[in-house]
Structures are given as structure tokens and as C-alpha cells.
Amino acid sequence: MEVRVQNVRKEFDRFPALHDVSLDIRSGELIALLGPSGSGKTTLLRLIAGLEQPTSGRIFFGDEDASSKTVQDRNVGFVFQHYALFRHMTVAENIGFGLKVRPSETRPPKDEIRRRAHELLELVQLKGLENRYPSQLSGGQRQRVALARAMAIEPKVLLLDEPFGALDAQVRRELRKWLREIHDATGHTTVFVTHDQEEALELADRVVVMCQGNIEQVGSSDTVYDQPASPFVYGFIGESSTIPVAVRSGEVGIGNWATGLSASNEADGERRLFFRPHDVELIDAKANGISGTVVATRRVAGAKHIELTVDGLPAATRVEIELPAAHPARISDRIAFRPSQWKLFA
Amino acid sequence: MADPALHAAQPDVPYISATTESRLWRAVLMAVAFVFLGVFLVLPLVLVFMEAFRKGVEPFFATLVEHDTIKAIQLTLTVAAIAVPLNCIFGVAASWAIAKYEFKGKAFLTTLIDLPFSVSPVISGLVYVLLFGSQGWLGPWLKSHGIEILFAVPGIVLATIFVTFPFVARELIPLMQEQGTGDEEAAISLGASGWQTFWHVTLPNIKWGLLYGVLLCNARAFGEFGAVSVVSGHIRGQTNTMPLHVEILYNEYNAVGAFAVASLLAGLALVTLVLKTLLEMRYGGEIAGARRH
């Protein structure tokens with residue numbers, strides 16, 4: 001089922017949580033809403049579910065306008081961050097709940113409900129636990145039950161709010177892989193919210209990067225990482241370094257120093273240069289580039305992070321680059337480099 | 001299992017907490033607490049039963065089967081049977097509204113629910129006299145329509161509802177606030193209607209807290225004196241509840257009768273206390289109010 005979010009705005013007590021957001025979710029895709037807390041990603045998810053009503057704008061499920069439909073009528077599967085399992089029901093009863101509460105004309109018979117619950121338990125790899133209560137399960141198992149419960153109603157869309165947020169790192173990685181497998185097996189259109197970029201990039205077909213109630217960029221993992229559309233995306237996804245620069249006649253310079261980077265399509269003026277710390281090549285000190293003095297070095301896993309003051313900029317402006325661990329750079333050494341991948345923003 | 005060898009190896013120094021007083025002080029404090037409770041609470045309770053049976057078992061039962069006593073017991077049961085369910089419904093509704101919705105005046109509503117705790121019951125009784133009395137605001141109109149409230153069962157029920165009003169709500173509000181709206185949202189996202197959500201999800205989540213509130217509400221409904229005394233009119237056999245009947249018997253120098261009825265109320269209090277303690281022991285985590293009452 002395609003989901004189309006059209007010019008949706010949401011205010012809480014006059015405070016805007018989402019500004020005029022539009023998003024097309026393709027049928028069968030696994031899409032991540034990624035952003036820091038307060039970016040509006042959970043609000044957007046809850047609006048799609050119908051747990052919140054938009055202040056303005058529309059939400060379409062396929063060609064159907066779902067904006068005025070209630071949560072019950074939208075038929076979405078929602079998985080909550082803290083599972084929200086019904087503590088007084090067994091695992092099987094939890095999974096069967098959505099079928100049990102249907103009106104009598106569409107409600108499957110009891111045996112059928114039980115059979116569905118068993119089938120789903122098998123799918124989420126929890127066979128044999130149907131008579132346990134939620135308090136007798138681990139966090140990861142609870143989240144699997146929550147997913148099975150959401151899938152039991154054969155939802156048009158699966159919505160997951162920080163599905164792995166309350167789990168420890170080991171279980172997170174396991175469940176991530178498992179969710180991808182389930183998605184590939186069932187083909188549900190799935191939207192999940194996360195603040196963990198690694199999770200979003202690894203799991204999703206497309207990533208929606210959000211900040212302060214706006215969508216900053218929508219694209220595949222490669223696109224948002226390699227071609228960030230805004231300074232925020234550059235800074236939020238992966239590591240980034242930034243230097244204030246000036247463009248003059250198509251050349252990027254720092255003060256009076258030429259960097260050897262050409263920006264022929266850019267008008268003259270002040271800019272910020274963004275690049276990944278590992279996308280740099282060291283150059284000869286005499287060539288045009290960014291040169292500076294090492295003020296700190298840190299060994300991080302297989303690489304060496306080096307902090308520099310940059311010639312032509314105040315000493316308080318530091319920039320970080322990443323070099324192979326074996327590089328001999330030490331404090332107060334001189335280094336010159338040029339970013340191999342970079343972008344300018346106003 | 002403790003390993004005796006290992007125990008012996010432990011240094012024989014008793015654990016002393018920084019906030020622990022000396023042994024003497026502890027003994028004094030505990031003695032004060034026990035003596036105080038004994039003199040002011042346990043002794044009167046024991047006296048109630050002693051007085052009730054002072055002339056033997058027969059006069060005790062003779063009082064209980066008297067027409068007026070039976071009527072008083074019936075009235076008390078009737079009033080509680082109306083007031084407790086109504087306050088139960090009101091308490092759940094108010095807690096639901098306060099815990100699950102955001103609205104203006106929420107703090108005010110919460111304060112208002114506590115009002116009966118801070119107002120003297122006599123005053124709440126007088127308010128009903130002002131409202132429904134023959135000189136009151138609604139009294140003449142009601143009288144002309146043949147509806148009697150004051151000095152009749154409806155007045156007693158109203159006064160009882162007023163004073164027992166906060167018990168269920170105060171018990172449920174913190175509990176429901178703590179539980180949040182996650183379970184309800186999950187239920188409606190699975191297609192459950194509002195009523196199904198309440199019945200299958202909310203109610204099971206709050207049932208022990210609700211029972212606890214009902215228990216306290218019921219005990220107070222049986223025992224309420226002040227408010228009921230003002231609105232009842234003290235008509236023997238008609239508008240006398242058990243506590244009022246105790247007073248009448250006592251004023252008539254019928255000590256055995258008075259204490260016999262009082263012993264019933266005291267017995268109810270003891271049963272309530274036992275049930276309350278059992279609930280707290282078994283379901284303490286699900287009874288938010290257990291930490292306050």
C-alpha cells in the first residue's frame with residue numbers, strides 16, 4: 001500500500017512539531033524516519049497511524065484519503081517503543097487481540113485466531129512461548145511479540161516507533177537483521193522511526209532525514225551519505241568537518257590562501273566547506289591546499305584522528321581529519337591536505 | 001542455603017546504618033509508638049466489644065434483631081449499595097479524563113476532587129440543607145413536585161456520595177498516570193473500539209487499584225456520621241443509618257445496644273483493614289495509593 005503525506009502540518013498548543021511536510025512512501029518499501037529527538041519523526045509516524053490528527057494537510061493510503069479516518073479504520077500495525085503488550089494476556093492472547101475485537105461478521109472463529117497466532121509466533125521465531133505472560137519474556141522477545149501482534153490484523157502499513165530503542169546493542173543488531181528478513185518475506189510497506197543512523201542506513205531502502213519539523217532529505221543510504229542535501233544532513237549522518245571559506249571567481253579560498261578546490265558554478269561570497277574527515281588526501285606543503293598545525297591526535301579503532309588549526313583562520317577554529325593509524329603526525333607538526341569529496345553550503 | 005563455615009569467617013560486626021539511632025533510643029521510640037496506638041486505638045476498639053457483650057450474648061443479639069436496628073442496617077447497606085457504585089463510575093471517569101487527556105482546568109479538577117477531604121462533613125451536610133431544605137434554593141420546587149430529598153433516603157445518599165467521592169478517584173489517578181496511554185493506543189491501533197479498549201485493556205490494568213479504592217470508599221460510606229446526621233432528620237426506623245442509630249441508643253442510656261451496633265461497624269473496619277493489608281501485600285505495585293494512605 002502506498003502512503004502519501006501531503007503538506008502536513010502539526011501543532012501542539014501552537015508549537016509547530018511539523019512544518020508542511022510531504023512524503024511519498026512506495027508500496028512494499030522499508031523506509032526509515034531518521035532524526036534527533038524533537039525532529040518530528042515520531043509525530044509524523046503517529047499522524048500516519050491516525051494516533052494524532054494533522055493541523056492541516058492530508059494523508060492518503062493508496063488513492064484513498066485517510067485523513068478523516070479513525071485509527072481503527074486505518075488498519076495499520078503499530079509497534080511501540082516500549083512494546084505496550086497487554087500484561088494480563090498471554091503471548092497468544094496478545095497476538096490474537098486484534099482479531100478478537102473485530103465485529104462479529106468479520107471476526108474469525110476462535111480456532112482460526114489461535115492458528116493465526118501460532119503461525120505468527122513461528123514467523124517471529126517464538127514458537128512454544130504462546131502461554132507465557134509478557135513479564136516472563138526478555139526485551140527482545142517482547143518486541144517480537146509486539147510485531148507479531150501488529151501483523152496479525154493484516155495491516156496495510158506497518159509502523160514502528162523506535163522499535164529497538166529499549167534494547168541492548170547486541171539484541172538490537174540481531175533484531176535489525178531479523179526485521180529485514182521478515183520484511184522481505186512478508187512485503188509489508190514498513191515505516192520505522194529511529195535516531196540511530198547506523199540502524200537507518202543499514203536497514204532501510206530509503207532514509208528520510210528530519211530536523212526541527214522539516215524533512216531535510218529523502219534518499220537511499222548511499223545518497224544521504226554521499227550527497228547530503230544540507231549542512232544538517234552532512235553533520236548528522238556520519239562524521240563531518242567544516243571550515244568557513246570564501247569563493248572568489250570560481251575558486252575556494254581561506255583568507256588569502258587558495259585551496260586548489262574549484263567551484264566554477266558558485267557565485268562569489270562566504271561559504272562553509274563540508275567534507276568527511278576520511279575523504280582527504282595529504283599533499284605537498286607547497287601545493288595549494290588546506291594547511292595547518294596539529295594540535296591533538298587521537299587513536300580511534302583502526303584510524304588516527306587529527307585535530308588541526310588552519311592557516312588563515314583564528315586558532316579557535318579546529319578541523320578534524322582522519323589518517324591511517326600508522327601516520328607519524330604528532331602535535332605541532334605541519335600538515336597540508338585537500339578534501340577529495342566536499343560540498344559548499346551558504 | 002547458607003554455608004556455616006563461610007558465615008563463621010565473616011567478621012562479627014553488626015551492620016550499622018548511618019541513620020540508625022542507638023539501641024536505647026530505638027526502644028524508646030518504638031515504645032512510644034506502641035503505647036500511643038494501644039491507648040488511643042486498640043483499647044477503645046477492645047472496649048467496644050467488651051461493652052457490647054457486658055451483659056452476655058443474649059442482650060447483644062436482642063439489640064441486633066430489634067426492628068429499628070434492622071432498619072438502620074438495611075438503610076446503611078442500601079446507601080452504600082448506591083453510593084459506592086456511583087463513586088466507582090465517577091472515580092474511573094474522572095481518573096480517565098485526568099490521566100489520559102490534556103485539558104485546561106485539569107489541576108483545578110484534581111483539587112476539586114479532594115475537596116470532601118478538606119471540608120468538614122457537617123458543612124457538606126449543611127450545603128445540602130441549603131440546597132434542598134424547605135427554605136433552600138431547590139427545596140420549594142422539589143416539594144411542589146412531590147420529591148423529598150432532605151430527611152429522606154435520597155438526602156442521605158447524596159451526603160454519603162459527597163464525602164466518599166475522592167476515594168476511588170484519588171486511588172486511580174496516580175495509577176493511571178503512571179501507566180500512561182500506551183496500552184490504550186495499542187488496543188485502538190489493533191481495531192478495538194473505545195468500549196472494548198476500556199473493558200479488555202484499561203480495566204484489567206487498574207482492577208486491583210479500583211478494588212482498593214472501593215474498599216476504602218465502602219468503609220467510609222458505612223461509617224459516615226457528620227454529613228448524614230445533618231441531612232437525615234434522625235427518624236427512627238426510617239432515616240437512621242447505623243452510626244446515627246448508635247448515637248440514639250447511647251443517648252437513651254442503652255449502652256449495650258449502642259455498643260452492639262458499634263461492634264458491627266468496628267467489625268467491618270477490621271475486615272476492611274485485613275483486606276486492605278492483603279491487597280497491599282499482594283498487589284502493592286498496582287496500588288499507587290498504598291504509598292500514601
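The values are calculated or read from the model by the stated rules, or taken from the named source; none is laboratory data. These numbers come from a predicted model, not from an experiment. As a convention, Cβ positions derive from the backbone with ideal geometry for all residues, glycine included, and neighbour counts pool all protein chains shown.
Structure summary
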| item | result |
| --- | --- |
| Residue within the stretch A:165-174 that is over 30 Å from A:R4 (Cα atoms), in the same structural domain as A:I48 (by TED's automatic domain parsing), within 22 Å of the chain's Cα centre (by Cα) and of a type in the set (D, E) present | yes |
| Residue in the stretch B:171-191 that is surrounded by the fewest Cβ atoms within 10 Å (Cβ to Cβ), counting only those that are in a loop (DSSP other than H, G, I, E, B) and facing another protein chain (nearest Cβ under 7 Å) | B:G191 |
| Condition met for B:I248 (closer than 30 Å to B:G284 by Cβ and among the aliphatic types (A, V, I, L, M)) | no |
| Residue in the stretch B:192-203 that is modelled with pLDDT under 95 and in contact with a Cys (Cβ under 7 Å, 6 or more places away or on another chain) present | no |
| Residue in the stretch B:130-139 that is in contact (Cβ under 8 Å) with a residue 60 or more places away in the chain, away from every other protein chain (no Cβ under 14 Å) and outside any helix (DSSP H, G or I) present | no |
| Hits in the stretch A:313-333 - residues which are among the hydrophobic types (A, V, I, L, M, F, W, C) and part of a loop (DSSP other than H, G, I, E, B) | A:L313, A:A315, A:A316, A:A325, A:A326, A:A329, A:I331 |
| Residue satisfying all of: in the stretch A:62-96; surrounded by fewer than 21 Cβ atoms within 10 Å (Cβ to Cβ) and hydroxyl-bearing (S, T, Y); nearest to the chain's Cα centre (by Cα) among these | A:S67 |
| Residue check for B:G194: touching a helix residue (DSSP H, G or I) at 6+ places or on another chain (Cβ under 8 Å), within 14 Å of chain A (Cβ to nearest Cβ) and crowded, with 24+ Cβ neighbours inside 10 Å | no |
| Scan of the stretch B:140-156 for residues that are in contact (Cβ under 8 Å) with a residue 12 or more places away in the chain and part of a loop (DSSP other than H, G, I, E, B), ordered by number | B:I149, B:L150, B:F151, B:A152 |
| Qualifying residue in the stretch B:214-231 (condition: of a type outside the set (S, T, Y) and within 30 Å of A:V101 (Cα to Cα)) | yes |
| 3 or more residues basic (K, R) and touching a residue at least 60 places away in the same chain (Cβ under 8 Å): qualifying strands (runs of 3 or more DSSP E) within the stretch A:190-298 | none |
| Residue within the stretch A:97-118 that is surrounded by fewer than 16 Cβ atoms within 10 Å (Cβ to Cβ), β-branched (V, I, T) and within 9 Å of chain B (Cβ to nearest Cβ) present | no |
| Hits in the stretch A:54-79 (condition: more than 8 Å from chain B (Cβ to nearest Cβ), touching a residue at least 40 places away in the same chain (Cβ under 8 Å) and not hydrophobic (A, V, I, L, M, F, W, C)) | A:P54, A:T55, A:S56, A:G57, A:R58, A:G62, A:R74 |
| Residues located in the stretch B:217-229, provided they are surrounded by 21 or more Cβ atoms within 10 Å (Cβ to Cβ) and either among the hydrophobic types (A, V, I, L, M, F, W, C) or within 14 Å of chain A (Cβ to nearest Cβ) (or both) | B:C217, B:A219, B:A221, B:F222, B:A227, B:V228 |
| Of all residues making up the stretch A:255-288, the number that are of a type outside the set (G, A, S), surrounded by 11 or more Cβ atoms within 10 Å (Cβ to Cβ) and closer than 21 Å to A:S230 by Cα | 13 |
| Any chance B:R170 is farther than 26 Å from B:L115 by Cα and in contact (Cβ under 8 Å) with a residue 12 or more places away in the chain | no |
| Sole exception among (1) crowded, with 22+ Cβ neighbours inside 10 Å; (2) in contact with a helix residue (DSSP H, G or I) (Cβ under 9 Å, 6 or more places away or on another chain) for A:S241, by number | (2) |
| Candidate set: the stretch A:80-96, residues that are touching a Pro at 6+ places or on another chain (Cβ under 9 Å) and touching a residue at least 60 places away in the same chain (Cβ under 8 Å); chosen: the one nearest to the other protein chains (Cβ to nearest Cβ) | A:F80 |
| Residue match in the stretch B:78-88 (condition: part of a helix (DSSP H, G or I), closer than 15 Å to B:I173 by Cα and at pLDDT 90 or above) | yes |
| Identity of the residue in the stretch B:97-133, surrounded by 13 or more Cβ atoms within 10 Å (Cβ to Cβ) and of a type in the set (G, A, S), that ends up farthest from B:F167 (Cα to Cα) | B:G133 |
| Condition met for A:A336 (surrounded by 16 or more Cβ atoms within 10 Å (Cβ to Cβ) and assigned to a strand (DSSP E or B)) | yes |
